[in-house]
């Protein structure tokens, strides 16, 4: 039983930070990260990395795929031992391993049927930046992280993309940076024509966040974005946003209405073990500005007390996401051919 409890802590944690910055932000005196170096990527088609894996136990081949996926991982710099700076180092091997075996394996890989997966390492902001009263330090930390993301994306566009259409995918802190990328490079820009879809998961994203990139209305649409945050069914968040102002996509129907979708429509969920698929396991229903899901059942689930399923935003709907990403790529290509 101890094994299952530890896995619960790993996957469904709401971290009690042991270490956090206890000083005001000091500007980093470091050189710009060189994204020509493969070591500065957590996922890259020229690497054998965790994004290449599938729950079926094999690895994908990118041969014949026409699209790319630019994936921005969530916060993995969460206050473990000695993590007391505002920004993580991309040379922290322990942290890089945690990122690879967590978010790259369980999240980025959901898109590997749709396109070549690129995921840059970046000097992510400490988790504490979301909760601190020192808003100036937090802003500087997020800005440092975004500059890395921006530089990685510019390197990708100039050297690796070669005109291919793009899926932008992200979770949590990654979504905060993805929003800025969409602002700067896609919204009202020529590159918008190359956007298959943006999967902006794990953070509240306003429906009118962008000018000409709108929420996807169904599972076929391209040039749009989807977003959701997952909580236990029945949970109510304090009123934070104007009702109906936040985009919430049901990842089983790919619509934004509050129609309940039963777990029988869920083709596959991942929980703790990457090669163990739970079929027909988790349902979904849009409720105001969040997504509701019933509590998953597994050995040891009695110990799962949290009502915030944030770490499982992608895991719960892994196979639905995989299928949908492929579908949107195919529809994009079809539209290009028909033109």
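Of the DSSP beta bridges with both residues in region 2-338, give the percent that are antiparallel, rounding to the nearest 5.
Beta bridges within region 2-338, antiparallel portion: roughly 35 percent.
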Inset, instruction - Return the calculated 222 nm mean residue ellipticity for the chain, to the nearest 500 deg cm²/dmol, obtained by summing -39500 (n - 2.57) across DSSP H runs with n ≥ 4 and dividing by the residue count. - result: -6500 deg cm²/dmol
Legend entry - Sorted by Cβ density within 10 Å, fewest first, the residues 81, 194: 81, 194
Legend entry - Rg in Å to one decimal, and Dmax rounded to a whole Å, for the chain via C-alpha atoms: 19.0, 58
Inset, instruction - Starting from 0 in steps of 5 Å, tell me what percent of the Cα-Cα pairs of region 43-129 lands in each bin. - result: 3, 15, 26, 21, 15, 11, 7, 3, 1
Inset, instruction - Please give the length that would be gained between residue 306 and residue 154 if that part of the chain were fully extended, namely 0.36 nm times their separation in residues minus their C-alpha to C-alpha distance (nm, one decimal). - result: 50.8 nm
Inset, instruction - Quick one: compute the contact order of region 2-338, relative version, from alpha carbon pairs under 8 angstrom and 6+ residues apart, as a percent. - result: 18 percent
Inset, instruction - Express the Stokes-Einstein translational diffusion coefficient of region 94-163 in µm² s⁻¹, to the nearest whole number, given a Kirkwood radius over alpha-carbon pairs, 4 °C and a viscosity of 1.567 mPa s. - result: 93 µm²/s
Inset, instruction - Take the eigenvalues of the Cα gyration tensor for region 181-339, scale each by 5, and report the square roots as semi-axes in whole Å, largest first. - result: 28, 19, 13
Inset, instruction - With all distinct Cα pairs included, what does the Kirkwood hydrodynamic radius of region 262-339 come out to in Å, to one decimal, could you say? - result: 14.2 Å
Inset, instruction - Mind telling me which of 123, 105, 188 comes out most flexible in a GNM of the chain, alpha-carbon contacts under 10 Å? - result: 188
Legend entry - Residue of 130, 146, 318 that the Gaussian network model of the chain assigns the largest fluctuation, springs spanning Cα pairs under 10 Å: 130
Legend entry - In range of the label at residue 66: residues from region 302-339 whose backbone nitrogen is under 14 Å from the point 7 Å along Cα→Cβ: 326-339
Legend entry - Residues listed by number, region 122-163, amide nitrogen under 20 Å from residue 36 label point at 7 Å toward C-beta: 122, 148-163
Inset, instruction - Find how much the distance from residue 206 to residue 23 grows on full extension, using 0.36 nm per residue of separation minus their present alpha carbon separation; answer in nm with one decimal. - result: 62.6 nm
Legend entry - Ratio of Rg to Rh over region 122-270 (Cα coordinates, Kirkwood Rh, two decimals): 0.98
Legend entry - Inter-site label distance for residue 131 and residue 276 at 7 Å from Cα along Cβ, in nm: 2.9 nm
Legend entry - Most mobile listed residue (225, 70, 274) in the chain, GNM with C-alpha springs under 10 Å: 274
Inset, instruction - Have a look at region 25-76 and give its Rg and Dmax from the Cα atoms, expressed in angstrom. - result: 15.0, 47
Legend entry - residue 143 versus residue 257: modelled label distance in nm, points set 7 Å from Cα along the beta carbon direction: 4.5 nm
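Every read-out reported here was derived from the displayed coordinates using simple, explicitly stated rules and does not represent laboratory data. Given the structure is predicted, the values throughout are model-derived calculations rather than measurements. Every residue, glycine as well, gets a Cβ built from its backbone with ideal geometry; the counts of neighbours run over all protein chains shown.
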